[in-house]
1. Is it the case that region 286-294 has a residue that's within 29 Å of Gly92 (Cβ to Cβ), more than 16 Å from ligand 1 (Cβ to nearest atom) and touching a residue at least 60 places away in the same chain (Cβ under 8 Å)?
2. Can you find a residue that is without any contact (Cβ under 8 Å) to a residue 24 or more places away in the chain and either assigned to a helix (DSSP H, G or I) or open to solvent by less than 20 Å² (accessible area, probe 1.4 Å) (or both) anywhere in region 356-370?
3. Does Ser190 qualify as being over 30 Å from Phe366 (Cα atoms), polar (S, T, N, Q) and touching a helix residue (DSSP H, G or I) at 6+ places or on another chain (Cβ under 9 Å)?
4. Which condition number in (1) closer than 19 Å to Phe218 by Cα; (2) surrounded by 19 or more Cβ atoms within 10 Å (Cβ to Cβ); (3) not basic (Lys, Arg) is the one that Gly339 fails?
5. Looking at Asn225, Asn230, which one is touching a residue at least 24 places away in the same chain (Cβ under 8 Å), open to solvent by 10 Å² or more (accessible area, probe 1.4 Å) and not in a helix (DSSP H, G or I)?
6. So which residues in region 313-330 are crowded, with 24+ Cβ neighbours inside 10 Å and not in a loop (DSSP other than H, G, I, E, B)?
7. If I ask for residues that are under 22 Å from Met384 (Cβ atoms) and in contact with a strand residue (DSSP E or B) (Cβ under 7 Å, 6 or more places away or on another chain), which ones from region 110-153 would you list?
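The values are calculated or read from the model by the stated rules, or taken from the named source; none is laboratory data. Note that this is a predicted model, so its numbers are computed, not measured. Every residue, glycine among them, receives a Cβ derived from its backbone with ideal geometry; neighbour counts consider all protein chains shown. For the accessible areas, the whole protein counts, side chains as well, though only heavy atoms, and no ligand, DNA or RNA atoms are used. Shrake-Rupley method; radii C 1.70, N 1.55, O 1.52, S 1.80 Å.
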Amino acid sequence: MNQYAQNVLSDIQARYNNEPEFVQSVTEVVGSISKLLDATPKYEKNKILERIVIPERTITFQVPWIDDKGEFQINTGYRIQFNSAIGPYKGGLRFHPSVNLSILKFLGFEQIFKNSLTTLPMGGGKGGADFNPKGKSDREVMAFCQSFMRELYRHIGASTDVPAGDIGVGAREIGFLFGQYKKIVNSYDSVLTGKGLNWGGSLVRPEATGYGCVYFAFEMLATRNQDLENKRIMVSGSGNVAQFAIVKATHLGGKVISCSDSNGCIIDEDGIDAEKQAFIRELKNVKRGRIREYAERFPRAKYYEGKRPWQITSCDVALPCATQNELDLDDAKALVANGCICVCEGANMPTTLEATQYIQSNKLLFSPGKASNAGGVATSGLEMSQNAMRLSWDAGEVDNRLHNIMINIHNAARNAAAEFGEPDNYVMGANIAGFRKVADAMIDLGI
Ligand code: NDP
Ligand code: 2IT
């Protein structure tokens with residue numbers, strides 16, 4: 001590895017050894033841009049690595065709210081404003097009990113390079129809270145969101161920082177957050193994306209991450225003269241990203257045989273068709289139930305409590321769309337042994353470093369989430385553009401733009417990887433292409 005990269009990485013690993021997810025994401029990025037650093041001494045001279053791994057601003061705050069029993073509840077809220085060299089901070093909010101500084105720093109760090117790859121002018125940020133929306137009434141979720149925004153509003157703005165959804169934050173939460181923001185500042189700003197269609201949202205934003213992931217997988221497969229027709233596809237998760245990855249993969253001729261939630265997974269050898277896709281959306285977005293209920297409704301499917309899909313059966317294409325580190329070395333070994341040819345990440349960092357290395361060394365197509373799940377934030381960027389113009393595009397227009405952006409990201413990653421001698425290495429290519437633009441902007445802007 002390049003000596004400068006090695007020095008910075010050793011320092012980060014020692015200094016932040018209590019932030020494992022953040023260290024993992026930095027290790028992946030810094031470890032994979034070695035050849036770029038060898039070829040470009042100005043990055044070391046300008047101390048770009050030392051600067052890019054420290055958030056420009058980290059905000060932590062108290063979120064007090066009152067539950068349905070009238071009891072006080074306190075959560076911790078965060079916003080990591082990581083890097084604004086190429087545009088206002090942009091990135092989602094995650095509400096999940098596991099949320100901590102390490103997880104949000106990893107997500108914010110990834111977001112810098114992802115947003116750079118979209119070709120749109122967006123810096124990197126992430127936020128959220130250790131609040132668990134599961135089992136809460138709509139009123140409790142609203143009380144929490146309003147309290148969260150009563151602090152966050154002072155730190156965000158249409159040209160400053162524009163949050164959106166992530167795990168546990170969907171249309172309902174964005175609505176409550178936007179309603180409170182608007183009431184406080186008395187201005188209809190484009191300060192959040194993922195908004196409802198009636199109040200400033202963009203068509204195809206709900207579908208964008210899942211669709212974009214499948215568009216990306218399609219481009220990767222095309223480099224080996226393959227497509228999705230009749231492929232067996234395993235998806236994990238059953239939330240926003242998974243739901244629309246299943247829809248698009250099915251549109252393109254694939255048979256999706258799995259999905260999951262944090263309690264377990266289902267395998268459906270008949271394929272998750274349009275009726276079953278609608279059932280999952282109703283189950284997860286309206287009833288807020290468990291994926292076990294899928295197998296109760298469609299008894300030819302099998303439910304596996306406490307299991308992930310990867311080792312249960314074979315597939316051609318794997319789309320991990322749930323959460324970080326949900327595909328480990330044993331899962332990777334099973335995928336390879338069972339003939340999988342492509343792993344395309346819909347979630348952020350779902351594959352562990354060891355699993356990624358194993359998959360790459362066995363010559364499978366592998367795409368890092370920062371490239372293949374960038375369709376969500378890219379379409380958030382398109383929502384901001386539409387808001388700024390005070391008009392909205394039809395679904396075909398947004399979907400076309402999304403599709404072209406995914407093709408461009410694929411080609412940018414592949415070309416950057418080819419430039420440094422490893423055309424199939426999408427991890428290296430995505431990190432180099434994403435990093436180079438931000439690093440050059442940082443130099444242009446001075447210290
Ligand atoms: P949702 O909250 O809509 O869905 C998350 C899904 O993942 C649910 O099925 C959830 O199960 C499951 N899940 C969450 N945590 C765990 C866990 N610890 N173990 C197993 N399963 C888990 O979130 P999204 O679909 O929006 O996000 C999924 C992934 O995609 C995340 O990594 C997110 O960062 C990433 N992403 C999202 C984008 C977006 O636009 N929404 C854009 C780019 C990336 P359960 O219901 O049981 O919690
Ligand atoms: O991880 C991500 O890219 C997201 N959660 C979407 C962020 C956004 O601003 O749309």
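1. no
2. Checking region 356-370: at least one residue is without any contact (Cβ under 8 Å) to a residue 24 or more places away in the chain and either assigned to a helix (DSSP H, G or I) or open to solvent by less than 20 Å² (accessible area, probe 1.4 Å) (or both).
3. yes
4. Against the list (1) closer than 19 Å to Phe218 by Cα; (2) surrounded by 19 or more Cβ atoms within 10 Å (Cβ to Cβ); (3) not basic (Lys, Arg), Gly339 comes up short only on (2).
5. Only one candidate qualifies: Asn230.
6. Selection gives Val317, Ala318, Leu319, Pro320, Leu327.
7. Gln111, Ile112, Asn115, Met122, Gly123, Gly124, Gly125, Lys126, Gly127, Gly128, Phe148, Leu152
To keep it simple, each residue is scored yes or no on (1) within 13 Å of ligand 2 (Cβ to nearest atom); (2) open to solvent by 10 Å² or more (accessible area, probe 1.4 Å); (3) at pLDDT 95 or above.
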site: Asn46; (1), (2), (3): no, yes, yes
site: Leu49; (1), (2), (3): no, no, yes
site: Arg57; (1), (2), (3): no, yes, yes
site: Phe61; (1), (2), (3): no, yes, yes
site: Lys69; (1), (2), (3): no, yes, yes
site: Phe95; (1), (2), (3): yes, no, yes
site: Phe113; (1), (2), (3): yes, no, yes
site: Thr118; (1), (2), (3): yes, no, yes
site: Met122; (1), (2), (3): yes, no, yes
